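Only one structure is covered here, and it is reproduced in the block below.
The values are calculated or read from the model by the stated rules, or taken from the named source; none is laboratory data. The model shown is predicted, which means the values in this text are computed figures rather than measured ones. Backbone-built Cβ (ideal geometry, glycine too); neighbour counts: all protein chains shown. The protein model used for the area step is the full one, side chains on, heavy atoms only, and it has no ligands, DNA or RNA in it. Shrake-Rupley method; radii C 1.70, N 1.55, O 1.52, S 1.80 Å.
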Amino acid sequence: MSEIGTSDLSDDNEAVHIEPYDDRWPERFAEEAALISGTIGPWITGGIHHVGSTAVPGLAAKPVIDIMVGVADLQSSRPCIERLQPLAYCYWPYRAKVMHWFCKPRPSHRTHHLHLVPADSPRYLDVLAFRDHLRARPDARADYEALKRDLAGRYPNDREAYTEGKTDLIRQLTEAARAYGRGPLRHRE
């Protein structure tokens with residue numbers, strides 16, 4: 001099993017930049033989902049989902065396709081780490097108690113993030129609820145985009161600060177999604 005070294009995630013990373021929504025992002029997700037399904041299909045219990053900003057029509061984003069795969073649990077899905085290597089996914093034990101996290105093709109140039117998350121976990125449900133809320137609420141989408149643009153301008157070379165800066169708004173919007181009763185979709189998309 002190959003893991004990314006700590007310095008690999010921080011050194012020589014591309015700058016954080018936000019691009020206008022690209023109509024090709026859903027197609028890029030679908031192509032990658034087919035490859036992932038063919039590679040780790042037996043471990044997929046909760047579908048393959050396009051998540052993150054590239055999954056929200058009209059939302060500007062970093063041009064990285066975020067994919068979440070529902071698995072039964074983290075222990076039984078560990079063989080996926082090795083199986084995903086031929087697809088150029090680099091494993092990193094980021095938030096290892098809640099998911100298996102990968103980037104592709106390398107930490108310094110990411111085109112995809114892959115999250116293997118237990119399908120019955122709060123994280124799995126929250127990620128889908130957040131995405132669905134942004135899809136349904138133009139005001140929430142606008143607030144989130146404005147924050148991302150501001151953070152990318154302030155922290156272009158600090159992915160960790162950029163990500164951390166979004167935490168409070170993501171929490172608020174996820175709570176709003178729960179309050180509005182927008183639950184996650186339970187199918188592959």
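Which of the residues spanning segment 88-109 are at pLDDT below 95 and crowded, with 17+ Cβ neighbours inside 10 Å?
Of everything in segment 88-109, those that are at pLDDT below 95 and crowded, with 17+ Cβ neighbours inside 10 Å turn out to be Trp92, Pro107.
Residues in segment 156-189 that are at pLDDT 95 or above, part of a loop (DSSP other than H, G, I, E, B) and open to solvent by 70 Å² or more (accessible area, probe 1.4 Å): how many?
Residues in segment 156-189 being at pLDDT 95 or above, part of a loop (DSSP other than H, G, I, E, B) and open to solvent by 70 Å² or more (accessible area, probe 1.4 Å): 0 in total.
Pairs, please: C-beta under 8 Å, at least 6 apart or cross-chain, first residue within 20 Å of Val71 (Cα to Cα) and in segment 37-59, second of a type in the set (Ser, Thr, Tyr)?
If the second residue must be of a type in the set (Ser, Thr, Tyr), the pairs left are Ile40/Ser77; Trp43/Ser76; Trp43/Ser77; Ile44/Ser37; Gly46/Tyr124; Ile48/Ser37.
Filter segment 62-98 down to residues that are within 12 Å of the chain's Cα centre (by Cα) and within 25 Å of Asn157 (Cα to Cα), then give me how many there are.
6
Would you pick out the residues in segment 65-87 that are surrounded by fewer than 20 Cβ atoms within 10 Å (Cβ to Cβ) and under 20 Å from Pro26 (Cα atoms)?
We begin by selecting, within segment 65-87, every residue surrounded by fewer than 20 Cβ atoms within 10 Å (Cβ to Cβ); these are 72-76, 78-79, 81-83, 85-87.
The answer is Leu87, and nothing else.
Could you tell me whether segment 126-144 includes any residue that is touching a residue at least 24 places away in the same chain (Cβ under 8 Å) and farther than 23 Å from Glu175 by Cβ?
Checked against the condition, which is being touching a residue at least 24 places away in the same chain (Cβ under 8 Å) and farther than 23 Å from Glu175 by Cβ, segment 126-144 yields no hits at all.
Quick one: which of Ala146, Ala140 is assigned to a helix (DSSP H, G or I), aliphatic (A, V, I, L, M) and open to solvent by 30 Å² or more (accessible area, probe 1.4 Å)?
Ala146
Answer with yes or no whether Thr39 is under 14 Å from Leu114 (Cβ atoms), part of a helix (DSSP H, G or I), open to solvent by 10 Å² or more (accessible area, probe 1.4 Å) and not charged (D, E, K, R). Before the answer, list the steps.
On the way: under 14 Å from Leu114 (Cβ atoms): yes; part of a helix (DSSP H, G or I): yes; open to solvent by 10 Å² or more (accessible area, probe 1.4 Å): yes; not charged (D, E, K, R): yes.
Yes; evaluated as a whole, the condition is true for this residue.
Restricting to segment 55-81, name every residue that is closer than 19 Å to Arg110 by Cα and outside any loop (DSSP other than H, G, I, E, B).
Ala55, Ala61, Ile65, Asp66, Ile67, Met68, Val69, Ile81
May I ask you to verify whether Ala34 is surrounded by fewer than 18 Cβ atoms within 10 Å (Cβ to Cβ), of a type in the set (A, V, I, L, M, F, W, C) and closer than 27 Å to Ala146 by Cβ?
no
Just to be sure I understand, how many residues within segment 88-115 are closer than 20 Å to Ser53 by Cβ, assigned to a loop (DSSP other than H, G, I, E, B) and among the basic types (Lys, Arg)?
1
Filter segment 111-129 for residues that are open to solvent by less than 40 Å² (accessible area, probe 1.4 Å) and out of contact with any Pro (no Cβ under 9 Å at 6 or more places or on another chain); which is farthest from Arg24 (Cα to Cα)? I'd like the intermediate steps shown before the answer.
Within segment 111-129, the subset open to solvent by less than 40 Å² (accessible area, probe 1.4 Å) is 111-119, 121, 124, 127-129.
Then drop every residue that is not out of contact with any Pro (no Cβ under 9 Å at 6 or more places or on another chain), which leaves 113-119, 121.
Details: His113: 17, Leu114: 18, His115: 21, Leu116: 23, Val117: 25, Pro118: 28, Ala119: 27, Ser121: 30 Å.
Checked segment 111-129; the qualifying residue farthest from Arg24 (Cα to Cα) is Ser121.
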